[in-house]
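First comes the structure, then the notes that go with it.
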């Protein structure tokens, strides 16, 4: 059977949300979705936590100071199945475009850094959560689980997604590469935090992380990146010290090919808009002919990854017939698999999907 390749146009968002205003941010997202579709794009990707904005307040002062934003941030985070979520799904369907939305997901009493992949028919392809929030993000968000390191078959190819410094986690990246990811959405916040004081948070390091991911994984990387608006600075930067820690702009949306090549002219970091690139998955084979780290370029006899994709449920209901704690997932004994491994370059416990929607 001949391999089917996919050619399409993709768009990456470089824009600020209407900070802490879910409805207004969705209004803005719907406009961007329509703009991308009208330009011929079949996929549009949004920055990390575009809804309702990245919580920069947690980086600017003490936890006690940041508490003033906690209730409003929670209330304006997105809940799947809500009227607000339905509006996004309708925008994808009405414009016949796949949408990968970055959001703060509200689920019961907790928040999660999340990405929602919506098909061009408005149906959910996948929901995922950031596996490990970074540094002070842990004061706001919970963690994902092994189901969140997954790649999905779609009409455009095999698509996966990660957020921000998940691209600095070698094992998480390898788990994605090993699932034959073709199109990767790497969502980022603005690169305007701690300017001049924390080089690792700046554009050079983080755009490089997206570029290296493309080369390592042999995939197209669509890397949307938010900007910080003047309104956000006015709201959050209440003194000179805070104004020195967070600047306007900081947008570095990028789309890279599987050889690491930048596929478009970048926007100015202070400019809002969309960047576009034409994707042709047939060129992936050429890139992987040189290096496929989860295939012919691997040494599974020396190093391999064990990936546990069982869901991290907080509560598991037991019946009277249960003899003890479950050890088997999808027919595999997890303890045995951990020791003996499974065939190939990594051991994979079969996925039991977590139902977010």
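We did not get these values from a lab; they are worked out from the coordinates using the rules stated. This structure is a prediction, so every number in the text was calculated from the model and none was measured. Backbone-built Cβ (ideal geometry, glycine too); neighbour counts: all protein chains shown.
Which value in deg cm²/dmol, rounded to the nearest 500, describes the helix-derived mean residue ellipticity at 222 nm for the chain, given -39,500 (n - 2.57) per DSSP H run of n ≥ 4 and division by the residue count?
One gets -7000 deg cm²/dmol as the mean residue ellipticity at 222 nm.
Give the residues of the range 6-32 whose amide nitrogen is closer than 20 Å to a point set 7 Å from the Cα of residue 86 in the direction of its Cβ.
Hits in the range 6-32 for residue 86 at 20 Å: 22-31.
Where the centre of each part is set by its Cα atoms, how far does the range 12-40 sit from the range 97-116, in angstrom?
15 Å
Report the full-extension gain for the segment residue 230 to residue 75: residue separation times 0.36 nm, less the Cα-Cα distance, to one decimal in nm.
Using 0.36 nm per residue and subtracting the Cα-Cα distance, I get 53.5 nm.
How do 78, 67 line up, fewest other C-beta atoms within 10 Å first?
Fewest-to-most ranking of 78, 67: 67, 78.
What is the calculated FRET efficiency for residue 171 to residue 313, with r their C-beta to C-beta distance and R₀ = 25 Å, to the nearest 0.05?
Result of the calculation: an efficiency of 0.65.
Using the Cα gyration tensor of the range 55-196, with a ≥ b ≥ c the square roots of its eigenvalues, what is the shape: rounded (a/c below 1.5), prolate (a/b larger than b/c) or oblate (neither)?
oblate
If you stretched the chain out fully between residue 121 and residue 139, how much longer would it get, using 0.36 nm times the residue separation minus the C-alpha to C-alpha distance?
Residue separation times 0.36 nm, minus the Cα-Cα distance, leaves 2.9 nm.
Which parts of the range 198-221 would a label at residue 280 reach, counting a residue when its backbone N lies under 16 Å from a point 7 Å out along Cα-to-Cβ?
220
Within 10 Å of each residue's Cβ, count the other Cβ atoms and sort 239, 231 from fewest upward.
In increasing order of surrounding Cβ atoms, one gets 239, 231.
Can you classify the range 264-321 as rounded, prolate or oblate using the Cα gyration tensor, where a ≥ b ≥ c are the square roots of its eigenvalues, rounded means a/c under 1.5, and otherwise it's prolate if a/b beats b/c and oblate if not?
oblate
Pop a pseudo-label 7 angstrom from the Cα along the beta-carbon direction at both residue 290 and residue 199 and give the gap in nm to one decimal.
For the pair residue 290/residue 199, the computed spacing is 2.6 nm.
Calculated from the structure, Kirkwood radius over Cα pairs in Å equals which of (i) 20.9; (ii) 21.6; (iii) 23.0?
(i)
Whole Å is fine, so just give me how far the alpha carbon centre of the range 218-280 lies from that of the range 118-180.
20 Å
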